[in-house]
Amino acid sequence: MTVKTIYQSLLPEVKQNLQESAKKFSTAKRLKYTLMSKSLWYELTIDELRDLMTYANLNSWEMSAYSFMYGDNIISK
């Protein structure tokens with residue numbers, strides 16, 4: 001059994017938004033590769049989470065504390 005990376009676990013709409021941003025911005029492309037290298041949500045830094053929210057068009061005011069802490073509504077379990 002292989003362990004999924006965070007990038008592979010992203011919900012389809014989140015992944016699509018990130019892919020579109022990666023075509024435009026080098027920082028988003030770098031974030032994409034970072035997400036490909038990590039498999040557990042808690043490995044993300046605050047800066048990486050902030051970048052994910054920016055480049056995947058996620059609004060912090062629409063997210064619960066569980067979204068920040070565990071990736072709810074961002075990644076599939």
task = Treating only the Cβ atoms of Lys and Arg (+1) and Asp and Glu (-1) as charged, compute the dipole magnitude of the chain about its Cα centre; round to the nearest 20 debye.
result = 340
task = Using amide H atoms built 1.01 Å from N in the peptide plane, name the residues 5+ places from I75, or on other chains, whose amide H lies under 5 Å from its own.
result = L11
query = Using θ = phi - 60° and the Karplus form 6.51 cos²θ - 1.76 cosθ + 1.60, what ³J(HN,Hα) does each residue of segment 22-36 get, whole Hz, x for Gly and Pro?
reply = 5, 6, 9, 10, 5, 5, 5, 5, 5, 4, 4, 5, 4, 5, 6
request  = State the extension gain, in nm to one decimal, for the chain segment bounded by F25 and T54, taking 0.36 nm per residue of separation less the distance between their alpha-carbons.
outcome  = 9.3 nm
note = Listing T5, T45 by rising number of other beta-carbon atoms within 10 angstrom, fewest first, gives T45, T5
key: Chain lengthening between M63 and M36 when straightened (0.36 nm per residue, less Cα-Cα)   = 7.4 nm
request  = Provide the net charge surrounding F25, with neighbours chosen by a C-beta distance below 13 Å and charges set as Lys +1, Arg +1, Asp -1, Glu -1.
outcome  = +3
query = If the chain between D47 and V3 were fully stretched, how many nm would it gain, using 0.36 nm times the residue separation less the Cα-Cα distance?
reply = 13.5 nm
inquiry  = If you filter segment 1-74 for trypsin sites (Lys or Arg not before Pro), then keep DSSP loop positions with at most 12 other Cβ within 10 Å, what is left?
reply    = K4
query = If you take the charge dipole of the chain about its Cα centre, with +1 on Lys and Arg Cβ and -1 on Asp and Glu Cβ, which of M63, T5, Y42 is farthest toward its positive end?
reply = T5
query = How large is the helix-only mean residue ellipticity at 222 nm for the chain, computed as the sum of -39500 (n - 2.57) over DSSP H runs with n ≥ 4, divided by its residue count, in deg cm²/dmol to the nearest 500?
reply = -16500 deg cm²/dmol
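A short reminder: the numbers here are calculations on the coordinates, not readings from a lab. Treat the numbers as computed from the prediction; the structure is a model and nothing was measured. Ideal geometry is used to build each Cβ from the backbone, glycine not excepted, and the neighbour counts take in all protein chains shown.
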